[in-house]
Amino acid sequence: MRKIAVMNQKGGVGKTTTSVNLAAGLAMRGKRVCLIDLDPQAHASLHVGVEIVGDTPSVYHAFAGAPMAQVKRLVAPNLWLVPASIDLAAAEVELADTPGRELILRESVSAMLAAEQFDYLIMDCPPSLGVLTINALSCAEEVLIPLEPHFFALHGLSKLLETTALVTRRLNRKLRVGGIVLCMFETGTRLAADVSADLQAFLSGSDPQAPWAKARLFNARIRRNIKLAEAPSFGRPIFDYAPKCPGSLDYMQLVEETIAMEVPALQLAAAA
Ligand SMILES: Nc1ncnc2c1ncn2[C@@H]1O[C@H](COP(=O)(O)OP(=O)(O)OP(=O)(O)O)[C@@H](O)[C@H]1O
Ligand SMILES: [Mg+2]
């Protein structure tokens, strides 16, 4: 199974749109997917039509010790959601004095996986490098970075990669940056082409020991498309809301590229 944290500390770059549509597309392709909403804004939950009211179990309760298996719910065929709510904002403060607070999610997920298998775990991170994001990075094996191609994108990227390297050293040796996906892409603009080229050059020239040495720049470019911005308010992934729009086609390409990265079981057995 693959555990993917969708992360970028910058706000509004397409993390949630990517998490939800990648999860939904993989589920449509027959994969068993668990989407974990780690953002107190709960946008991923709302995007799949779930709003937490009152004391309904959410990821906050999993951080407080409730079994994740009891928090998750089926939202579409093959697609489970561990929802978030605004309560999660309190977790940052409440966990401040808890020893091992960076590993709570990993332990909770391991307990769930002991009883039930998934092909993909997709974690939607909040726009910060706080304890919730660190929990996602401690639990994940791959980081997927959505990036909006503009002049400052590469500056933010280096901070993000440093954080990943730190987590790799201290908390999770298995963590690697799997890929970068360009979101809100303006086809045909000089800037978008320049940023893509700079990014490709940066990745090809990186230290082979760095956790991002094998990161790929996805061929799928998620174009700016109004349907992608409309879909959340209907609580539906793009494939359901507007299956033929450019946003749907772009995310399906990302889904196919993601599946193509799966290491065949035979290859794994040979390497063992
Ligand atoms: N390719 C796109 N075309 C048009 N609108 C988009 C696209 N991708 C995302 N959006 C819209 O842009 C806004 C920000 O996207 P999204 O919520 O996915 O970003 P985010 O990185 O998760 O934000 P946050 O940091 O607040 O969690 C949302 O309103 C979303 O619907
Ligand atoms: Mg988000």
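The values are calculated or read from the model by the stated rules, or taken from the named source; none is laboratory data. Just so it is clear, the model here is predicted, and its values are computed rather than measured. Neighbour counts are summed over all protein chains in view; Cβ atoms, including those assigned to glycine, are modelled from backbone coordinates with ideal geometry. SASA here: full protein model, heavy atoms, side chains in, ligands and nucleic acids out. Shrake-Rupley method; radii C 1.70, N 1.55, O 1.52, S 1.80 Å.
Expressed as a whole percentage, what fraction of the accessible surface of segment 2-271 belongs to carbon and sulfur atoms when a 1.4 Å probe is rolled over the protein heavy atoms?
Carbon and sulfur: 56 percent of the exposed surface of segment 2-271.
On a C-alpha basis, how far is the centre of segment 147-186 from the centre of segment 27-104 in Å? Whole number, if you could?
23 Å
Straight-line reach from LYS10: which aspartates and glutamates have Cα under 16 Å away, leaving out those fewer than 8 places along the same chain?
ASP39, ASP124, GLU148, GLU162
Taking 0.36 nm per residue of sequence separation and subtracting the Cα-Cα distance, how much length would be gained by fully extending the chain between LYS174 and ALA197, in nm to one decimal?
Computed gain between LYS174 and ALA197 is 5.5 nm.
Can you tell me which of PRO232, PRO208, PRO77 moves the most in a GNM of the chain? Springs connect C-alpha atoms under 10 Å apart.
PRO208
Given Cα pairs under 8 Å that are at least 6 residues apart, what percent is the relative contact order of the chain?
Worked out over the chain, it gives 24 percent.
Please say if the chain is rounded, prolate or oblate, where rounded means a/c under 1.5 for a ≥ b ≥ c the square roots of the C-alpha gyration tensor eigenvalues, and otherwise the choice is prolate for a/b larger than b/c and oblate otherwise?
Here the chain falls in the rounded category.
Based on DSSP H runs of at least 4 residues, each adding -39500 (n - 2.57), what is the mean residue ellipticity at 222 nm of the chain after dividing by all its residues, to the nearest 500 deg cm²/dmol?
That comes out to -12500 deg cm²/dmol.
Could you pull out the trypsin sites (Lys or Arg not before Pro) across segment 1-71 that fall in loop regions by DSSP (anything but H, G, I, E, B) with no more than 15 other Cβ atoms inside 10 Å?
Details: sites: ARG2, LYS3, LYS10, LYS15, ARG29, LYS31, ARG32; in loops: LYS10, ARG29, LYS31, ARG32.
Within segment 1-71, the qualifying trypsin sites (Lys or Arg not before Pro) (loop, at most 15 other Cβ atoms within 10 Å) are ARG29.
How would you classify segment 134-242 from its alpha-carbon gyration tensor, with a ≥ b ≥ c the square roots of the eigenvalues: rounded for a/c under 1.5, else prolate if a/b is greater than b/c, otherwise oblate? Could you put the intermediate results ahead of the total?
On the way: a/c = 2.53, a/b = 1.35, b/c = 1.87.
Judged from the Cα gyration tensor, segment 134-242 comes out oblate (a/c at least 1.5, b/c at or above a/b).
How large is the dipole of the chain about the Cα centre if only Lys and Arg carry +1 and Asp and Glu carry -1, each at its Cβ, rounded to the nearest 20 debye?
On the way: 26 positive and 27 negative charges, 127 e Å.
That gives a dipole near 600 debye.
By its C-alpha gyration tensor, with a ≥ b ≥ c as the square roots of the eigenvalues, how is segment 100-196 shaped: rounded for a/c under 1.5, else prolate for a/b larger than b/c, else oblate?
Taking the square roots of the gyration eigenvalues as a ≥ b ≥ c, segment 100-196 is prolate.
Let's test the formula: R0 of 35 Å, r as the Cβ-Cβ distance of SER206 and GLU92. What FRET efficiency results, to the nearest 0.05?
According to the calculation, E is roughly 0.65.
In nanometres, what is the gap between the two model label sites at GLN117 and HIS150, each 7 Å from Cα along Cα-to-Cβ?
About 4.5 nm, to one decimal.
Using the Karplus equation 6.51 cos²θ - 1.76 cosθ + 1.60 (θ = phi - 60°), what ³J(HN,Hα) coupling, rounded to whole Hz, does each residue of segment 84-95 give in order, writing x for Gly and Pro?
10, 8, 4, 3, 4, 4, 6, 4, 3, 6, 5, 7
Compute, for TYR60, the solvent-accessible surface of its heavy atoms (probe 1.4 Å) with the complete set of protein chains present, and express it in square angstrom to the nearest 10.
In the full protein context, TYR60 sits at about 50 Å².
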